[in-house]
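The structure appears below as structure tokens.
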Amino acid sequence: MSEQTHLAANIVEEPGEPHTRRFFLAAAGAAGLCYAAALAYPIYRYLASPEEMALSATAVTEVTLKDAQKLPLASVLMFKFGPSPAMLIHHEDGRWVSLSAVCTHLGCTVQYEPQADRIHCACHGGVYNPYTGANVSGPPPKPLTLYKVAVNDAGVEVSRA
Amino acid sequence: MTSKTISTTVYDWVDERLGLSELAAFARHKTVPVHAQSFWYYWGGISLFLFLVQCFTGVLLLVYYRPGVEAYESVRQITFVMHFGWLIRSAHAWSANLMIFSILVHMFSVFFMKAYRKPREFGWLSGMALLGLASVFGFSGYLLPMDELSYFATKVGLQIPMAIPLIGPAIANMLRGGPEVSEFTVQRFFALHVVVLPAIFLPLLAFHLWLVQRHGNAVPPSEEAKPAGERKSIPFMPNFLRKDLAMWLISLNILALLASVFPWALGKQADSLVPAPAGIHPEWYFMSPFEMLKLLGAVLPGEIGEIAGILLFTLGIVLWILIPFYDVGKESGQRARAAHYFGLLAVFALLTTTVIGYWTIR
């Protein structure tokens, strides 16, 4: 391949010249690329900053919700688990359940409906089981992530299962 | 089909609809004069390049900047939290200053080469308007971080329209959004800086550049005196363009060096209850008018001095803007010489008052 181009170049250029010319063009191209990369890198990192902050927030494994033990029966507390919304449900039978509140279909925030005893997503009508997070009907392809719950006198601790 | 015939077909298709070959023919025939003063031709291009840098870095800052009450906090975040935010902000601030500087160099080179003469009067006028807008860009942008310095600089700057009789206070209040510099001021300066000014600046810039294409580069009178055969020129494409782009690259390198080695500082958050910091002064490009007003205020104390200062300054600017209409002759006669001396006087006055201004801060 390189021999071919060499031959082809020899036809139009003076002998000996194509090497230096080709080397110069390659070097200039490489320097130009380095220059462009040196400009693009800080801009990329600048624009990606919130994403990186969110990534470090995803590393959160435990959230303490102060005074959440006082949550009445059949009600919900919305909170942020790392960067994403999550819900703590105190069921009518006294059970505590904590789930991710991000619909697995297209990412809307879902809603706990105590009277219907379900979790509903208003965007496309997805329905989840409020005890297990299982996707019951509608478009959601996966269940909601279930978190571990520990209730004490000071509050409620939610952690990754 | 080989790749060559494909690209020819695509080119022909686009050319038929957009007339690319006419543009190419125009570019081929465009030439740029070559003479001892050719160096000054680059400064318009450098100003244009720095303006493009301003647009680009400005949009990047816009990604995180929040005007109003949170202005300072958001600039603090850009500077200290976001990766390379300090660099983007520093580049924007440095490039703003370099742009004003290169516009000034461009203006004075046009002035001394007498490039404002017929048929280039509109080029001069639009250029002056662009310089005026650039300084309003500078003034409005300076407030946006809402740190101590920008707060007091804006407070002082807006005292100048206050001195205009009758309508002064109304104008100042309108600009400030109230009797004091506050979050309302930041919010409206922001609207001015990123929407209103670009909306006026861009079409005016297009007009200015179109005029340059239409009339070509002006040559200084010494060159014009030579017979046509002795004047030299080079093709714009690619010879001058290559040099122009090399100048852009040099400008970018200087900018990168300044922005990274001398990062733009962010002061303490503005607080109207904290006394103004010692040594506070306007940006260098406002130093001269500021100092002139101060000097005149010393000669003529009180309101009279302020009004006289503003009148004198306005008169000077009007005379400067109207130069193409009273220095019209092609030959270097009495008027041409007078205009030349006026230019020298302006440079002298700007430089001395700026030096005095910086000298007296210390």
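Any read-out appearing in this document is the output of simple, stated calculations on the displayed coordinates, not a laboratory observation. As the structure is a computational prediction, the values presented were derived from the model and not from experiment. Here the Cβ positions follow ideal geometry from the backbone for every residue, glycine too, while neighbour counts run over all protein chains shown.
Residue by residue, segment B:337-347 carries 3J(HN,Hα) couplings of 5, 4, 4, 4, 5, 4, x, 4, 4, 4, 4 Hz when phi is fed to the Karplus relation 6.51 cos²θ - 1.76 cosθ + 1.60 (θ = phi - 60°); x denotes Gly or Pro. Hydrodynamic analysis of chain B uses the Kirkwood radius over alpha carbon pairs. Inserted into Stokes-Einstein at 10 °C and 1.306 mPa s, it gives a translational diffusion coefficient of 69 µm²/s. Annotation: amide H-H contacts under 5 Å for A:Y147 (H modelled 1.01 Å from N, sequence separation of 5 or more, or interchain): A:S98, A:L99, A:S100.
Of interest is the spacing of the C-alpha centroids, which for segment B:232-311 and segment A:47-119 amounts to 52 Å. The overall shape of segment B:165-256 is prolate: from the C-alpha gyration tensor, with semi-axes ordered a ≥ b ≥ c, the ratio a/c is 1.5 or greater and a/b exceeds b/c. Label point of B:Q187 set 7 angstrom out along Cα-Cβ; within segment B:35-66, amide nitrogens under 18 Å from it belong to B:65-66. For segment B:1-107, a/c is not less than 1.5, where a ≥ b ≥ c are the root eigenvalues of the C-alpha gyration tensor, and a/b does not top b/c. That puts it in the oblate class. Remark: C-alpha extents of segment B:48-180 on the principal axes read 52, 44, 19 Å, sorted largest to smallest.
Mind checking which of B:A338, B:A134, B:A172 has the largest fluctuation in a GNM of chain B, springs on alpha carbons under 10 Å? Residue with maximal mean-square fluctuation among B:A338, B:A134, B:A172: B:A338.
Peptide A:46-58 is shielded by partner chain Cβ atoms: per residue, an average of 3 of them sit within 10 Å of its Cβ. Length, then width, then depth: along the principal axes, the Cα atoms of segment A:68-144 run 33, 28, 17 Å. Expressed per residue, the C-alpha convex hull volume of the protein assembly as shown stands at 282 Å³. The alpha carbon convex hull volume per residue for segment B:281-362 rounds to 101 Å³. For the pair B:E224 and B:T8, a Förster radius of 45 Å applied to the C-beta separation gives a FRET efficiency near 0.55, rounded to the nearest 0.05. Using a Gaussian network model of chain B in which every pair of alpha carbons under 10 angstrom is joined by a spring, one finds that among B:L311, B:L350, B:L18 the greatest mean-square fluctuation is at B:L18. Seen against the Cα atoms of chain A and their longest principal axis, helix A:2-12 is set at about 50 degrees. The amide H of B:I234, built 1.01 Å from its N in the peptide plane, has B:V32, B:V34 as neighbours under 5 Å, considering only residues 5 or more places off or on other chains.
Under a Cβ-Cβ cut-off of 14 Å, what is the net charge of the residues other than B:L266 that fall near it, where Lys and Arg count +1 and Asp and Glu count -1?
Surrounding charge for B:L266 is 0.
Helix B:121-143 versus the longest principal axis of chain B: what is the Cα-based angle in degrees, 0 to 90, to the nearest 10? Once rounded, the angle reads 40 degrees. Charges were assigned to the Cβ only: +1 to each Lys and Arg, -1 to each Asp and Glu. The resulting dipole of segment B:281-362 about its Cα centre is roughly 240 debye.
From the square roots a ≥ b ≥ c of the eigenvalues of the alpha-carbon gyration tensor of segment B:225-305, which class results: rounded (a/c under 1.5), prolate (a/b over b/c), or oblate? Verdict is oblate for segment B:225-305.
From its DSSP helices (H runs of at least four residues, each -39,500 (n - 2.57)), chain A gives a residue-normalised ellipticity at 222 nm of -11500 deg cm²/dmol. Estimated at 0.36 nm per residue, the fully extended path between B:S260 and B:V195 surpasses their Cα-Cα distance by 20.6 nm. In a shell of Cβ-Cβ distance under 15 Å around B:E183, excluding B:E183 itself, what net charge do Lys and Arg (+1) and Asp and Glu (-1) give? Value of the local net charge: -1. Ranking A:S75, A:A27, A:V60 by how far each Cα lies toward the positive end of the dipole of segment A:23-86 (charges on Cβ) leaves A:S75 at the top.
The distance linking segment B:164-202 with segment A:120-161 is 51 Å (Cα centroid to Cα centroid, whole angstrom). Compare B:L60, B:L315, B:L166 in a GNM of chain B, Cα atoms joined below 10 Å, and give the one with the largest fluctuation. Per the Cα network of chain B with a 10 Å cutoff, B:L166 tops the list. Compactness of chain A is given as radius of gyration and Dmax, 29.1, 92 Å, from Cα positions. When the Cα positions of B:V355, B:A308, B:F286 are compared along the charge dipole of segment B:281-362, B:V355 comes out farthest toward the positive end, with charges on each C-beta of Lys, Arg, Asp and Glu. The angle between the Cα long axis of helix A:17-58 and the longest principal axis of the Cα atoms of chain A comes to about 10 degrees, rounded to the nearest 10. Think of each Lys and Arg Cβ as +1 and each Asp and Glu Cβ as -1; about the Cα centre, that makes the dipole of the protein assembly as shown roughly 1100 debye.
Please sort A:40-51, B:31-42 by packing, taking for each peptide the average over its residues of neighbouring beta carbons within 10 angstrom, highest first.
In descending order of packing, they fall as B:31-42, A:40-51.
Bridgeable lysines around A:K66 (alpha carbons under 26 Å apart, same-chain partners fewer than 8 residues away excluded): A:K80, A:K148.
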